[in-house]
Amino acid sequence: MTAGRGFVRDSSTTHSEVGNIAVFHQIHCVHELRVAYYTLLDRLKSGNGSASPYLENLAALDGTKHIAHCFDYLRRVLMCAADTNIEYPDENGLLTGWGSKRSCRDYESVVMWAERWRVDNRTEIQ
């Protein structure tokens, strides 16, 4: 996660309020889903009902609504971006998305811009 976690105040616009660059919100949501998935997987494997402190805190803050938000948010992001790169099956006939030619935005430029206009120096994903 970039310094400032993608929260910026862009002085080049008429908006003076703090906003968040969408890609960093998207990374946050992927992180939320990843933590929830692996915690659930760990519970199933161990038969243990305990969760990580992070997940316990998320649940205490009505985490199921947050996870539902992340699923819906990422669905809308994917539909909005409508990635038209062509992906081809691998040798097993699986569509993994790896090994296909891609045309992408310059993520490092986005990170540099976000860090220039960041509102704080925090880097943790919350």
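With charges set only on the Cβ (+1 for Lys and Arg, -1 for Asp and Glu), what does the dipole of region 78-126 come to about its Cα centre, in debye to the nearest 20? Could you put the intermediate results ahead of the total?
On the way: 6 positive and 9 negative charges, 47 e Å.
Taking the Cα centre of region 78-126 as origin, the dipole is about 220 debye.
If you plug each phi of region 101-111 into the Karplus form 6.51 cos²θ - 1.76 cosθ + 1.60 with θ = phi - 60°, what whole-Hz ³J(HN,Hα) values come out, in order, with x for Gly and Pro?
So the Karplus estimates, Gly and Pro as x, are 5, 10, 10, 10, 6, 8, 4, 4, 5, 5, 4 Hz.
Just to check I understand the Karplus step: with θ = phi - 60° and J = 6.51 cos²θ - 1.76 cosθ + 1.60, what whole-Hz values come out for region 31-40, glycine and proline as x?
4, 4, 5, 5, 4, 4, 5, 5, 5, 4
Could you give each residue of region 73-83 its phi-based ³J(HN,Hα) in whole Hz, using Karplus coefficients 6.51, -1.76, 1.60 with θ = phi - 60°, and x for Gly or Pro?
Once rounded to whole Hz, the list reads 4, 5, 4, 5, 4, 4, 5, 5, 6, 6, 4.
Quick note: the coordinates plus some simple rules give every number you see, no bench work behind them. Keep in mind that this is a model prediction, so the values were computed, not measured. Note: ideal-geometry Cβ built from the backbone for every residue, glycine included; neighbour counts use all protein chains shown.
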